[in-house]
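Visitor: Take a look at the following structure, please.
The values are calculated or read from the model by the stated rules, or taken from the named source; none is laboratory data. Keep in mind that what you see is a predicted model, and the values were worked out from it rather than measured. Don't worry about glycine lacking a Cβ; one is built from the backbone with ideal geometry, like all the others, and counts go over all protein chains shown.
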Amino acid sequence: MSDVSLQAQASGVQAATQERRRSRRWRTDLIGIGFVLPFLIVYALFLIWPVILGLRMSFFNWTISSIGSSDFLGLANYQELFGDPAFWHALGVTLLFTIISTPLLVIIALALALLVNRAIPAGGLFRTVFFAPFVLPVSVVALIWNWLYQPGFGLVNGILTELGLKEVGWLSDPSIALLSVVIMTVWWTVGFNFLLYLAGLQQIPVELNEAASLDGAGAWARIRRVTIPLLRRTTSLVIILQVIASLQVFQQAYVLFNGTDGPNFSTRSVVQYIYESGFTTYRVGFASAMSYVLFIVILIVSLGQFVLFTRQRGEA
Amino acid sequence: MSIQSIAQPVRARAREQASTALMRRRTANGAALVVLVVLAIIWIVPILWAIDTSLKPEGETTAVPVSWLASHFTLDAYISTFATTNLPRWFFNSFLTSAIISVVTVILASLAAFAFSRVSFRGKNILFWIILAGIMIPGQILIVPLFTQMQAFGLVDTYWGIILPQLASPIAVFIFKQYFDGIPHELEEAAVMDGASLFRVYWQIWMPLARPAIAAVAIFAFVISWNNFLWPFIVISGNNMMTVPVGLSTVQTSFGIRYAQIMATAVLGGIPVLIVFLFFQRQIVQGIAATGLKG
């Protein structure tokens, strides 16, 4: 074979490979999209579309069964919402619940994790006990606590009177009812944060604590100066997730108070008001506007926390 | 003086220090254990009290002063629970919908994650971020438009109405992608040389290797949908179509003050998930830990 023919062949091969490469490129794109497509369809239909539909609905006088879906209101739903004392009350309940429950759910989780993480016999058993309530359905939890909170023959009040203390109107006193929801929620969900902390603790090298101990640091000083700073990542995550969850409080309070708003509306949260507006008075457009306001609140709060925590981390 | 004679007292002192440190650690551990036992009792009492109440004769549950004992213990409350509620049907509904959600979530999420991890197609990064952004959408705010959508599809009060909105889980995609990224490329090269299609690579090589991720996602999807209250509560109206959490939320009003029976229902509603949890505790705990450490 001569040099010339070899060259010609080579350029022919080159063109062919280029061609093949381009068609392979297209094939890879198609295959990639093909793998993602099933998820994407479900995702678009049941996560993205409702977000868009909800925004649209919030501008209309939309009621159940799409009646009024052509009755454009502009921002009237939002205006009505901001002038509605019931909405501000529900927002207050939600924020109060978040402010009380978040520190408890973070600090108790951390304390439990620090205790269980010590080399203690039956550590696995304790882990099981503290986490187990988390896997119970909300209705089971609320039924049990409704029973525990009963006046007179309820276990909690029974123990209080046994100790010579006064009974508490866990389910009837408007100034206590939200606290009852908080206590029940701590019992139910603290196990999740506890597990996150436990995992974080197990990432800390034992040598660090031993070194601090050799330097004469006591247990408390080690926790404060070594462990807690090293857990900062976990703490940020726990707080962000907890605040997002607490701002959506609804179901446990709803079942605990038998589908009511608690004494004197003291446990009606934003999500509960959304539910009532959408599904008992059928003001779907109004409920959508409220959903969007809550969405924005959650988004701002979580982004704010995110920025705060990353900046802190940057400084440290 | 020899070096040894200097070293002796130093070593002795070190040993002494170590032993006091050990003793101090022992007392600290002892104190921690006592605190833990007290807390564990507080944590477990509500469940024990529910079981205790469920075994009492109905007339004795509201006795004052409160007592753990009763004249006799009986299964009457359980028998009348089965006689008067739809509990077996609710179990069936919960099991069916949760199982479908669990299986489909694993399939959809792993397929997508495989492409994100192994196929270099155009637009893949943007798509991945769009999907991850879905984690930011709080589920509770979607109930109103989702219900309107289900009405349009004619799926209100049906199994598909319960199932469809619970299938797309961005976190599941994330978990699978993390796992797939850790699998070395070399494992598939031989198969690719033999001309295996990407789907076969996914199905016959990747998925068997991803068993721990599959277990974590499947168990989580199952438990989360089994426990989901709000969505089934909204989309279901007929008693026959209710899931366990939704059905349970109705017994308080329908039983009135029959506390033994209410607690029997609660215990029955809680036991299946507790059993699943005890069986798969390791996977659940590791799954939560993994998300936490990576998040």
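Visitor: Kindly state which helices (runs of 4 or more DSSP H) lie completely within segment A:133-214 and contain at least 3 residues that are crowded, with 19+ Cβ neighbours inside 10 Å and under 26 Å from the mean Cα position of the chain (by Cα). Steps first, please.
Guide: Working: elements: A:138-148, A:155-162, A:177-203, A:206-214.
Those helices (runs of 4 or more DSSP H) span A:138-148, A:177-203.
Visitor: Here are the criteria: (1) without any contact (Cβ under 8 Å) to a residue 24 or more places away in the chain; (2) within 30 Å of residue A:304 (Cβ to Cβ); (3) facing chain A (nearest Cβ under 7 Å). Tell me which single one residue B:130 does not satisfy.
Guide: Only one criterion in (1) without any contact (Cβ under 8 Å) to a residue 24 or more places away in the chain; (2) within 30 Å of residue A:304 (Cβ to Cβ); (3) facing chain A (nearest Cβ under 7 Å) is unmet by residue B:130, namely (3).
Visitor: Quick one: in segment A:215-227, of everything that is without any contact (Cβ under 8 Å) to a residue 40 or more places away in the chain and part of a helix (DSSP H, G or I), which residue is surrounded by the fewest Cβ atoms within 10 Å (Cβ to Cβ)?
Guide: Taking the candidates together, the pick is A:220.
Visitor: Another question, then. Does residue B:77 satisfy the condition of being surrounded by 22 or more Cβ atoms within 10 Å (Cβ to Cβ), more than 20 Å from residue B:240 (Cα to Cα), within 13 Å of chain A (Cβ to nearest Cβ) and within 19 Å of the chain's Cα centre (by Cα)? Explain how you work it out, then say what you get.
Guide: Details: surrounded by 22 or more Cβ atoms within 10 Å (Cβ to Cβ): yes; more than 20 Å from residue B:240 (Cα to Cα): yes; within 13 Å of chain A (Cβ to nearest Cβ): yes; within 19 Å of the chain's Cα centre (by Cα): no.
No; evaluated as a whole, the condition is false for this residue.
Visitor: Against the condition closer than 30 Å to residue A:167 by Cα and at pLDDT below 95, how does residue B:119 come out, does it pass?
Guide: On the way: closer than 30 Å to residue A:167 by Cα: no; at pLDDT below 95: yes.
Taking the combined requirement at face value, the residue does not satisfy it.
Visitor: Within segment B:179-206, track down each residue that is assigned to a helix (DSSP H, G or I) and hydroxyl-bearing (Ser, Thr, Tyr).
Guide: Within segment B:179-206, B:179, B:202 meet the criteria.
Visitor: Right, here's the next one. Collect the residues in segment B:273-282 that are buried (at least 17 other Cβ atoms within 10 Å of the Cβ) and either more than 9 Å from chain A (Cβ to nearest Cβ) or touching a Ser or Thr at 6+ places or on another chain (Cβ under 6 Å) (or both), keeping them in residue-number order.
Guide: The answer is B:280, and nothing else.
Visitor: Continuing with the same structure: Of the residues B:53, B:62, which is within 9 Å of chain A (Cβ to nearest Cβ), outside any helix (DSSP H, G or I), β-branched (Val, Ile, Thr) and touching a residue at least 24 places away in the same chain (Cβ under 8 Å)?
Guide: Only one candidate qualifies: B:62.
Visitor: Condition first: modelled with pLDDT under 90, touching a Ser or Thr at 6+ places or on another chain (Cβ under 6 Å) and in a loop (DSSP other than H, G, I, E, B). Can you find one or more residues in segment A:62-76 that meet it?
Guide: Yes, segment A:62-76 contains a residue that is modelled with pLDDT under 90, touching a Ser or Thr at 6+ places or on another chain (Cβ under 6 Å) and in a loop (DSSP other than H, G, I, E, B).
Visitor: Using the structure shown, decide if residue B:247 is more than 10 Å from chain A (Cβ to nearest Cβ) and either exposed (fewer than 15 other Cβ atoms within 10 Å of the Cβ) or not acidic (Asp, Glu) (or both). Before the answer, list the steps.
Guide: Numbers: more than 10 Å from chain A (Cβ to nearest Cβ): no; either exposed (fewer than 15 other Cβ atoms within 10 Å of the Cβ) or not acidic (Asp, Glu) (or both): yes.
Considered against the rule, which asks whether it is more than 10 Å from chain A (Cβ to nearest Cβ) and either exposed (fewer than 15 other Cβ atoms within 10 Å of the Cβ) or not acidic (Asp, Glu) (or both), residue B:247 comes out as no.
Visitor: Keeping to segment A:256-272, report how many residues are within 23 Å of the chain's Cα centre (by Cα), within 12 Å of another protein chain (Cβ to nearest Cβ) and assigned to a loop (DSSP other than H, G, I, E, B).
Guide: Number satisfying all stated conditions: 3.
Visitor: Another one. Just to verify a result, which residue in segment A:273-288, among those that are outside any loop (DSSP other than H, G, I, E, B) and more than 10 Å from chain B (Cβ to nearest Cβ), is surrounded by the most Cβ atoms within 10 Å (Cβ to Cβ)?
Guide: A:273
Condition check ((1) in a helix (DSSP H, G or I); (2) more than 14 Å from chain B (Cβ to nearest Cβ); (3) surrounded by 15 or more Cβ atoms within 10 Å (Cβ to Cβ); (4) at pLDDT 90 or above) across all residues:
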position	(1), (2), (3), (4)
A:6	yes, yes, no, no
A:11	yes, yes, no, no
A:52	yes, no, no, yes
A:94	yes, no, yes, yes
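Visitor: Would you mind finding the one in B:233, B:229 that is buried (at least 20 other Cβ atoms within 10 Å of the Cβ), touching a helix residue (DSSP H, G or I) at 6+ places or on another chain (Cβ under 8 Å) and more than 7 Å from chain A (Cβ to nearest Cβ)?
Guide: It is B:233.
Visitor: In segment B:137-163, which residue that is out of contact with any helix residue (DSSP H, G or I) (no Cβ under 7 Å at 6 or more places or on another chain) and closer than 27 Å to residue A:294 by Cβ is modelled with the highest pLDDT? Steps first, answer last, please.
Guide: Kept after step one, since they are out of contact with any helix residue (DSSP H, G or I) (no Cβ under 7 Å at 6 or more places or on another chain), are these residues of segment B:137-163: B:139, B:152-154, B:158, B:160.
When the remaining residues are screened for being closer than 27 Å to residue A:294 by Cβ, the result is B:139, B:152-153.
Working: B:139: 84, B:152: 90, B:153: 93.
The extreme case among them is B:153.
Visitor: What pairs can you find where one residue is in segment A:131-142 and facing chain B (nearest Cβ under 7 Å), the other is outside any helix (DSSP H, G or I), and their Cβ atoms are less than 6 Å apart, with a gap of 6+ or different chains?
Guide: From residues that are facing chain B (nearest Cβ under 7 Å), the pairs are A:138/B:229.
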